[in-house]
Structures are given as structure tokens and as C-alpha cells.
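> Here you go, one structure.
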Amino acid sequence: MLRTIFSETKFWRSMLTLAIPIAVQNLLTSSFALIDTLMVGQLGDISLAAVGMAGQWGWLLNMVTFGICSGAAVFFAQFYGEGNKRGFLHTYGLAMAIGLCFALLFMAVGLFAPGTVLRFFNRDPAVLASGSKYLKIAVFSYPAILINMLINMVLRSTKRVKLPMFVSLFTTGLNAVLDYGLIFGAFGLPRLGIEGAAIATVISAWSGPVIIFIITAILRDDIFFAPVKTLFGFDKTFAVTFIKRACPVILNETLWGLGTVVYNAIFSNLGYEYTAAVSIQRTFENISYAFFAGLINAASVIIGQDIGRGEMEKATRNANRFMVVVPLMGLVIGALLLLFRGSLISLFNMGGTISDKTISAARGIATVYAVELCVRNVPYVAIVGVFRAGGDTKKGMFYEMVSLWAVSVPVTFLAAFVFELPFVAVFACSYFCEDYLKAFLCVKYFLTRRWIKPVTKTGQAALEAFLNKKECRKENEGSLKRT
């Protein structure tokens, strides 16, 4: 079994060609948030907590946007594998239209009612005042977040992963320079504090899609500059098919994101020091996520294209590989985080402005995250990398909602406000209660192979032959046993 999983040089070459640039790009994107957190942390606990809370509104949009892009990726990968360019472009146009509607809605709410958004997390007047200043500026980056994520998904689905990586390198560097200049008044720029961090975020966020569109215009890329009639010329049947497949993914990511917002609201209402601690821990989580994102995006593209071409045996073989490799990587990264967590957390307190209570809490929850990292990524690779690539967008949503809303959120709430457990124990409840149940359900469903649900005609025809072959194999095995 292991020899089959770790053999085949062609697979590993294809996987690494996709995974490494995507991982580097996500690492750079995470560094974007790390730089913000490090620099804002020099302004003290209140500013760090304020930016962390304001960032939750953008993060919820990020989840909605990821849901739209992930739903579109089901079609991108399978249409590209089949060679169906028209279907690919229709998917791009429809996803862009839906995504911009959500981005503008989130932008309007954050701009005109920042206090209402932030009051959900914390009612401390100083934190609300600082957070409102930040959010009213940062919301102008929201359309850029959607556009950037969608065009990156298009490029990944067509195996062009180096351009987003180099663009992310530039935007991260630009964000670091602007952050330092606008927060502290360096390089002849005004000293704007927390508002400077928001301005730096907006400028850097927009620079990414602008650069990609300029480069693709020079190269005359026929995807990004396809005729408007082609992009938006989809018929009702296609729109209904897309929405049926994409809606569970959008709902899944939105409700999962909302669940995380509820977690953060619970943590915030235990004290703003804990909000600051979670902001520090989430930065580590985002950085480690970058490594898994590379593998899981590679899984989505490779498995999706296999199924789109009708190569079902190859798709299941590759899915087995990813289901083993990702948890193993979780063990390695979790061990490294556990080993270096103290040194990493100390980086946020270089100016001595972060309280001991915040640092202690951050160290505790970083330990919980590191220990649990292997299990946490099992449902991630199963749902995002395998089930959705196979065309099954509903089962993963069901498992996530049951684990999160029926089990983990109620247990975490009770742990915090009824049993009044220590903060680190409350945080541990939010992770353990969700991830172990979800991982068990995902592995069980993965083994059934019922997640293979092609959207292409080639894939649908091949699936029927694959299932008939599988049924014949079972009958033959049954006959042999009887004899």
C-alpha cells in the first residue's frame, strides 16, 4: 500500500510543480498578515486587539470568497481537463459577478456601520474606537481580495502558478514598506498609526490584481481578456448547474467562517488580552496553512483534471496519496511549531508593549494548535482537495456543519461561560470537538468513492464504466470466496 502511494515519479513531479509555487505564494500572503500584526503589536494590546477584531469582518468575506472560488474550481479543473474552454470562461464570468456582489456588500456594511460589526466581538470603548478607524479604511481592499483570489484560482487551474507567486512577493514587500512608513512615519511618510496600517493594506491588496492584469494584457491572455459576451454569455441551464454545485461550497465556507467568528467573539468576551493572543496564534496558523494550501490546491487541480478527462482509476490513486501525505506533513510542522513556539511568540513583544497575560495565553493556545495539527488537516484535504475536486460539494458541507454548529460551538460556549474553564481549555474545546469528529466522518466517506461526481460529459461517461468495472470486480471476488 505505502509503496503504491509513494511510487510513480511523474505524480510527484506534477504535484511539486503545482504545490511549491502555491505554498510559497500562500506563505507570502500569510507574511502580509504577519507584518501587520508585528508592527501593530508595537502600538500595544489595544491596537493589536482592535486590528484583530476588525480583521474578522474581512476574514469572513475571505471565507465567502473562498467558497465562491472553490465552487468555481470544481468546474475550472474538470473543464480544463476536458479541454472545454467555453465552459471554463462561463465559470470565470459567473463567479466574478457573484463574488463582486458579496465584496461590495461587505464593504458597505464595514464602511457605514463599523461599530455594529466590532461590537459583536468586544465592547471596550478604546478597542471599538481604534477598530472603527481601521475598518473604515480597510474595507476598500475587499473587492481586490475577491478579484485576486479568483484570478489566482484561474491560474492554478491552468497550472500557471509562478505568476501569482512572484506578484505575491512584490505585494508583501510593498506592504512591509508601507506599513513601516505609514504606522511610524518613516521614509518621509506621515505617522498615522493604526490608520496607516489600513492604508498600507488597501494599496498592497489592489497592487496584486492590477499587476496580473497588466502582465496578462501584454501577453494577450485570452482568458482574462476574453470578450464580455463570452464571459457572461452563459445560459440559464449552465447558471443553475453552477449554482447547484457551488452553493453548498459557498454556504459551507460562509458558515464555517461565521463559526470561527463566533469562536473569536467568545474569546474576545473573556478579555481583550485573549483577543490579542488569538491574533498572534492566528498568524502562526496562517503561516503553517501556507504549506498545506500548496498540497491541497495541487490535489484539487490534479484530481479534478483526472476526473474531467475520465481517468477514474488514476484519480482515486492520486487521492489516496494526498490523504496520506497531508497528515504526515501535519506531524512534521506541528513538531516544529511546538519546538519553536516560544521564540516565535517573543517576536511580537520586541518593544515590550504586549502584556504577560497575552504572551502566556498565546503560548498555551499555540501548543494546542501544534499538537492537533495532524488531525486538523485530514478533513481539509478530504473536503477541499478531494471531495470538491471530484464534484461532491454537499457531503463535506454536512460534515462541517454538524461538527461545528451542533457540537463544537455549543461545547466551547458552555466551557467559557457556564463551566468557566481557563482560556486555553476553552480554546482547546473549539479545536478538538470540531476536528476529531469531522476527520472520522471524512475518512469513512472517502473510502466509499461516492465523492466522484463529474461535471463534464467525458467524466460522466467514464464514471459509469468505472462503476460497472468495480461492480464486476466485487462479483468476481464474491464468486471466488464462495468456491
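No lab work stands behind these numbers, since they all come straight from the coordinates. Remember, it's a predicted structure, so these values are computed and weren't measured experimentally. FYI the Cβ positions are ideal-geometry reconstructions off the backbone, even for glycines, and counts take in every protein chain you see.
> Need one number: nm distance between label points at Ala113 and Val240, each 7 Å from Cα along Cα→Cβ, rounded to one decimal.
In this crude label model, Ala113 to Val240 measures out at 3.4 nm.
> What is the magnitude of the charge dipole of region 314-397 about its Cα centre, with +1 placed on the Cβ of each Lys and Arg, -1 on the Cβ of each Asp and Glu, and no other charges, expressed in debye to the nearest 20?
That gives region 314-397 a dipole magnitude of about 380 debye.
> Still on this model: Can you tally the net charge around Val411? Count Lys and Arg as +1, Asp and Glu as -1, for every other residue whose Cβ sits under 13 Å from the Cβ of Val411.
It works out to a net charge of -2.
> Can you give the FRET efficiency for Phe417 and Asn320, using 1/(1 + (r/R0)^6), R0 = 30 Å, r = Cβ-Cβ distance, to the nearest 0.05?
0.10
> Give the lysines whose C-alpha is closer than 30 Å to that of Lys357, dropping any in the same chain fewer than 8 places away, or say none.
Lys133, Lys136
> Does anything in region 196-210 have its amide N under 14 Å from the 7 Å Cα→Cβ label point of Phe184, and if so which residues?
What the label zone holds, given the 14 Å backbone N cut-off, is 197.
> Angle, helix 236-268 long axis vs. longest principal axis of the chain, Cα atoms, 0 to 90°, nearest 10?
40
> Looking at the P(r) of region 356-420, how many percent of alpha-carbon pairs lie beyond 16 Å?
Working: 1361 of 2080 pairs.
Value for region 356-420: 65 percent of Cα pairs lie more than 16 Å apart.
> Please compute the net charge surrounding Ile287, taking Lys and Arg as +1 and Asp and Glu as -1 over other residues with Cβ under 15 Å from its Cβ.
+1
> Tell me, what is the FRET efficiency for Lys457 and Ala265 to the nearest 0.05, using R0 = 41 angstrom and their Cβ-Cβ distance as r?
Working from the Cβ atoms, E equals 0.30.
> Now for a different question. May I ask you to compute the full-extension gain from Leu258 to Arg160, defined as 0.36 nm times their residue separation minus their alpha-carbon distance, rounded to one decimal in nm?
Difference between extended and current length: 32.1 nm.
> Next up: With no solvent and one point per C-alpha, what does the Debye sum give as log10 I(q)/I(0) for the chain at q = 0.08, 0.12, 0.13 Å⁻¹?
Listed by q, the Debye log ratios stand at -0.48, -1.09, -1.27.
> Give me the net charge for the shell around Ile214: Cβ to Cβ below 15 angstrom, other residues only, Lys and Arg +1, Asp and Glu -1.
0
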